[in-house]
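A.B. asks: Following this message is one structure expressed as structure tokens.
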Amino acid sequence: MRKVFFTAIFAAVLLGFASCGQQSKSKTSSESIDAIDMHSSRISVNWQGTYKGKTPCADCEGIQTTLTLNDSTYVLETVYLGKSTEAYKTEGKFVWNAEGSCITLDNGKANGFNSQFRVGENILRQLDSEGKQIEGKFAEMYVLRKAQ
């Protein structure tokens, strides 16, 4: 009787280990399937509209910047504070990067203005000349906020 009892317990333990191994294998195989992330600023964010901000300037008090984005076109107006009250206006088209997170203005550099931005919820972050996000204590100075 004892022999049957121990055999039954041994079989139950062995069966438990076997089923744990199977769960582990199926979990690993399902984790290896790459999910396609369909979330991007281009798709998920209400990015069309007018953005405003004051960005740094090397030889003036700052650049008052207004950037309006429509379907695939933009209007960029810049005023170099302390130098002029005249707004420089540039119009053109913009393109999205492959990830749908950043835009590049086609004529943005015509005014000496860096033309790449990372698109976020109600903000545009101006990128450096290499297309990287500006870091450090002045990073927030390169943000344009969506006008209400």
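Laboratory data are not the source of any read-out in this text; all were calculated from the coordinates shown. Computed from a predicted model, the values in this text were never measured in an experiment. FYI the Cβ positions are ideal-geometry reconstructions off the backbone, even for glycines, and counts take in every protein chain you see.
A.B. asks: Would you mind classifying the stretch 41-146 by shape? Square roots of the alpha carbon gyration tensor eigenvalues, ordered a ≥ b ≥ c; an a/c under 1.5 is rounded, otherwise it is prolate if a/b is larger than b/c and oblate if not.
C.D. replies: prolate
A.B. asks: If you don't mind, another one. Using the Karplus curve 6.51 cos²θ - 1.76 cosθ + 1.60 with θ = phi - 60°, what ³J(HN,Hα) values do you get for each residue of the stretch 83-89, in whole Hz, with x for Gly and Pro?
C.D. replies: Going residue by residue, I get 10, 7, 9, 6, 8, 8, 10 Hz, with x marking Gly and Pro.
A.B. asks: Here's something else I'd like to know. Name the GluC sites (Glu not before Pro) in the stretch 42-89 that are in a loop by DSSP and that have at most 10 other C-beta atoms within 10 Å, would you?
C.D. replies: Here the GluC sites (Glu not before Pro) that fit, given the DSSP loop and packing criteria, are E86.
A.B. asks: Also, I was wondering about something else. At R0 = 30 Å, how high is the FRET efficiency between F138 and N107 if r is their beta carbon distance? Nearest 0.05 is fine.
C.D. replies: My answer for the efficiency is 0.70.
A.B. asks: Pop out the ³J(HN,Hα) list for the stretch 61-68 in order, Karplus 6.51 cos²θ - 1.76 cosθ + 1.60 with θ = phi - 60°, rounded to Hz; leave Gly and Pro as x.
C.D. replies: Per-residue couplings from phi come out as 6, x, 10, 6, 10, 10, 10, 10 Hz.
A.B. asks: What are the residues whose amide H is under 5 Å from the amide H of Y51, where those residues sit 5 or more places off or on another chain and H is modelled from the backbone?
C.D. replies: Answer set, sorted by chain and number: L67, T68, L69, A147.
A.B. asks: Please compute the net charge surrounding T73, taking Lys and Arg as +1 and Asp and Glu as -1 over other residues with Cβ under 11 Å from its Cβ.
C.D. replies: Result for the local shell: -2.
A.B. asks: Okay, next question. Pulled fully out, how much extra length does the chain show between S72 and V95, if you take 0.36 nm times their separation in residues and subtract their Cα-Cα distance? Mind dumping the intermediate values first?
C.D. replies: On the way: separation 23, 0.36 × 23 = 8.28 nm, distance 0.70 nm.
Contour length minus Cα-Cα distance gives 7.6 nm.
A.B. asks: Cut-off is 10 Å between beta-carbons; in what order do F117, F94 appear when sorted fewest neighbours first?
C.D. replies: Fewest-to-most Cβ neighbours within 10 Å comes out as F94, F117.
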